[in-house]
Structure formats: C-alpha cells, structure tokens
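A short write-up of the structure that comes next.
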Amino acid sequence: MSTKKDYEDIPGTFIFDADRGREGYQLNRFCISLRLQKNRDEFNAGEEAYLDKYPMTAEQREAVLKREWNEMLALGGNIYYTSKLAANDGINFQELAGIMTGMGREAYRKMMLEGGRSPEGNRYKHEWDERGEN
Amino acid sequence: MARITAGVGCSHVPAIGVAMDTKNTQAPYWKPCFAGFEKSRKWMKEANADVIFLVYNDHCTAFDASCIPTFALGCAAEFHPADEGWGPRPVPVVKNHQKMASHIAQSLILDEFDITIMNEMEVDHGLTVPLSLMFGEHGVDDEWPALVIPLCVNVVQYPAPTGNRCYNLGKAIRLAVESYDEDLNVVIFGTGGMSHQLQYKRAGLINSEWDAEFLDRLTSDPVGLSQMPHVEYLREAGSEGVEMVMWHVMRGSLDDEVREVHRHYHVPASNTAVGHIILENKSS
C-alpha cells in the first residue's frame, strides 16, 4: 500500500511531508545552520567550501548557489529552513514570498494590504491549469 | 487544586515581535493589529494567572530536521529566548513551574499521550510573541508576570497531529492540572495561524471567511471543529494554516460550555491573518 496524499491537488503549494523531509534533509540541515552568526560568517566567506560539509544532491547545491528559491522547495527544502538562507541575504519573509510568487515585492505587499490572495480559484490545481497558471 | 479558568487563541507572527522590539507598534501598518490587544492586556492583568500553559510550535529552532517530536513538554527550570538568525528577542527569560510541569508530564504519559520531555530547550517567537501580545512590553531584565509551561507541537513536517488528537490532549492536560495539589490559576494559550501560506506560488493566501467560522465554532461546535481533516486546513487556510490544530489543545482543556469575552481579527501581519480570541469557562 502506498501513502495516500490527498493534498497533492492544491496549486502552487508543496506540502512538506515525510518524503520531502527525507529528500531535503541535507539541504535543510545546511539552511538551518545559518541561524548562527559564526556559520553565516563562514558561509559568506566561501559558499562552495561551506556547502561541502553538507552532502546534498548536485541539483540542491546548484539551487542554493543560484538562490533558486522555488527549486529549493521542489527539491525537498522547507520554507522555515530556506528562509534562513534568505535572511542571510537580507531578504525577509514577505520579500521572499514576493520572489516565490513571481509577483515582486511591491505587488505582493499591495496584495497583502488589500486582504491577501483569495481562496477563490486557488483551491485546486485544475483551476490553475484552466487559467494556464501552473 | 490547580484549575484552568480560561483559554486564549493567538497568532504568533514573528514580525509582530519585531514591531514590538523596535517600538514600531504605532506605525500605520501595525496600529490596527495591536489595537485589538489592548482589551486583552487588561483582561490578562485581571485574570491574574499564576501559570500559562502555552501550546505553540517551534520553527526549526529547538528542533531541527534531525529530531521531530509530535508533542514535547518543556520541563526545564527556565527557557531562554533563542537566536533565530537576527539575535535573541530582547524579552525576559521564561520561567517554568517546573514541579507542575513534571507532574503534567507523568500524568499525560500514564494517560497514554507519549510526549517527549524537554529538560533543556530554547524558545522561539512561537512562544514569546503571544506572551508579548498578552502581557505587553517587558524588557530583558524584567520578568514575565506568570510562570510558563511550554508544549511544542510539530506542525512543520506533515502530518501534524490531528485536530481530534489535539482536542483529546487538551482534555488530558485538564485532568493533569486538576490533579495537581496547589491552588493555582492556569490560563491556557493555543497559538499560531490563522490562515496563511508562506511558500511557493500560492503564498499570501488569506481566507477570512474560513477564519471567522473557525473562531465561531470554538464556542458553538468545538467537537465538530476538531474533526476537520488536515487537507481542509491546507487547501482553505494555506499550507501553514495547519498550525490551527494547536488551538484545539486549548479548546479541549476548557469546559464544554465557554463564554467568548473578546475577539480580534486583522489582515495582514506580514503574510498572515492575525486571529485572537479569549474564552472563559462558564463554571469559573
């Protein structure tokens, strides 16, 4: 029997489940290490050498080096972890959301001030497919 | 005997802590968010709680991916605010009622809730932001007005415990508190939420209608509410909206019949809908 995942039809969303936790383990371990200043200093002094300490996949490593935020999530990263890398780069949660949604900082901030993204038309993947948004 | 007299539901958005720590609460962006807590702070003072039982989630601070307990009870003498990447919050060290925490741990496990016991733990914004919202400004050298027993719930890696499990844990916490032989007034906090999604292309989701119904049903239909499947939280309230399961622990520990004495709802705080409610037991 395989694990039932009734949450995979939600658009624009990665649910960080046990499979993603397994795949993203080293990537997330690296990200959370940046919680501490001494590790941030070491990482910022030489990203490649610092990343050698975390045996992640080549794709994960490339996504980190290129700051491909959505790709990190696709490869098992979790937002509470990847946000530590963003914070190291001077990007806060709301700015990061602006990047991940492709809206940009100002448009995203404006959407939030106007009450956020409505659930209407944003509940199922087929709703996004029909609008060509996936 | 100790008794739980009231429950508080409260968001724990980190940006709220930053706004307080940088004295920015009267800025136009933040003013309406904090205005809704003025009454709460008066209420909190009058409630005169000896102990806060605080249900929250750690955000990869005390528990990184290497260890993910579903329920972990803080049993240390004290808990220091953690450095989450921008230095520890300038708020007081959190002091436990350690003897009562040990009693609750023992009672819960014999009641078949296999919790993890934490004898050392740092606490992050998930715990300190609700304390700041309810108790107001307190500096590093100050003391929180009550002792705090922290309970961490995993909501970061799916699946979080079910709403039903959380509700029943609340019932077991009540039994544990009531079997503690010291005259203590305990207020329980359930924190997190409300609707929000922090990640990927659907980030920014807010569902005010869903949030309002959730707040209503805490009084009118708490048992039915606790039966909500995870997929509904994820779809309707955003991937991080599943944090709301922690409010069921709070609700389960109260009387079946409660009085709603205060409610506040505000969008946005950063990416999140701020929700807040105060429920008093009808019997107290």
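The values are calculated or read from the model by the stated rules, or taken from the named source; none is laboratory data. Here the structure is a predicted model, which means the values were calculated and not measured. Here the Cβ positions follow ideal geometry from the backbone for every residue, glycine too, while neighbour counts run over all protein chains shown.
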Wholly inside region A:25-134, helices (runs of 4 or more DSSP H) that include 3 or more residues that are on the phi < 0 side of the Ramachandran plot and of a type in the set (S, T, N, Q) are A:25-33, A:37-45, A:79-88
Have a look at B:L133, B:L54, B:L110 and point out the one that is over 22 Å from B:S11 (Cβ atoms) and among the aliphatic types (A, V, I, L, M).
B:L110
If I go through region A:119-128 residue by residue, how many of them are free of Cβ contacts under 8 Å to residues at least 40 places away in the same chain and more than 8 Å from every other protein chain (Cβ to nearest Cβ)?
2
Options A:G76, A:G90; residue that is buried (at least 22 other Cβ atoms within 10 Å of the Cβ) and either of a type in the set (S, T, Y) or within 14 Å of another protein chain (Cβ to nearest Cβ) (or both)
A:G76
Just for region A:53-73: of the residues that are of a type in the set (S, T, N, Q) and more than 10 Å from every other protein chain (Cβ to nearest Cβ), which one is nearest to B:V13 (Cα to Cα)?
A:Q60
All but one of (1) more than 18 Å from the chain's Cα centre (by Cα); (2) more than 22 Å from A:I79 (Cβ to Cβ); (3) within 14 Å of chain A (Cβ to nearest Cβ) hold for B:L184; state the number of the condition that does not hold.
(3)
Of residues in region A:1-23 being outside any helix (DSSP H, G or I) and more than 8 Å from chain B (Cβ to nearest Cβ), the one farthest from B:S239 (Cα to Cα)
A:M1
Just checking, which of A:S2, A:S33 is farther than 29 Å from B:V231 by Cβ and over 13 Å from the mean Cα position of the chain (by Cα)?
A:S33
In region B:163-197, anything buried (at least 24 other Cβ atoms within 10 Å of the Cβ) and assigned to a loop (DSSP other than H, G, I, E, B) is listed as B:G192, B:G193, B:M194, B:S195, B:Q197
Restricting region B:72-88 to residues that are more than 14 Å from chain A (Cβ to nearest Cβ) and in a loop (DSSP other than H, G, I, E, B), which is farthest from B:D181 (Cα to Cα)?
B:H80
Quick check on my filter: what residues within region B:198-210 are closer than 14 Å to B:M244 by Cα and surrounded by 23 or more Cβ atoms within 10 Å (Cβ to Cβ)?
B:I206, B:N207
If you take the residues of region B:267-284 that are touching a helix residue (DSSP H, G or I) at 6+ places or on another chain (Cβ under 6 Å) and not in a strand (DSSP E or B), which of them is surrounded by the most Cβ atoms within 10 Å (Cβ to Cβ)?
B:N271
Residue selected from region B:89-112 under the condition assigned to a helix (DSSP H, G or I) and hydrophobic (A, V, I, L, M, F, W, C), by the criterion surrounded by the fewest Cβ atoms within 10 Å (Cβ to Cβ):
B:L110
Can you confirm whether region B:220-227 contains a residue that is part of a helix (DSSP H, G or I) and farther than 17 Å from B:G170 by Cβ?
yes
Condition first: within 27 Å of B:P28 (Cα to Cα) and out of contact with any strand residue (DSSP E or B) (no Cβ under 6 Å at 6 or more places or on another chain). Now tell me which residues in region B:242-269 satisfy that.
B:P268, B:A269
Criterion violated by A:G102 - all others in (1) more than 12 Å from chain B (Cβ to nearest Cβ); (2) under 15 Å from the mean Cα position of the chain (by Cα); (3) not basic (K, R) satisfied
(1)
Checked A:G12, A:G102, A:G98 against criteria (over 23 Å from B:D58 (Cβ atoms) and surrounded by fewer than 21 Cβ atoms within 10 Å (Cβ to Cβ)); the one match is A:G102
Does B:T191 satisfy being touching a Cys at 6+ places or on another chain (Cβ under 9 Å) and hydroxyl-bearing (S, T, Y)?
yes
When you scan region B:73-82, how many residues do you find that are in contact with an Asp or Glu (Cβ under 8 Å, 6 or more places away or on another chain) and either surrounded by 21 or more Cβ atoms within 10 Å (Cβ to Cβ) or within 25 Å of B:A15 (Cα to Cα) (or both)?
4
Within the set of pairs 6 or more residues apart or between chains, which connect a residue that is among the small types (G, A, S) inside region B:98-119 to a residue that is part of a loop (DSSP other than H, G, I, E, B) and at pLDDT 95 or above with Cβ atoms less than 8 Å apart?
B:A101/B:C75; B:S102/B:C75; B:A105/B:C75; B:A105/B:I115; B:S107/B:S179
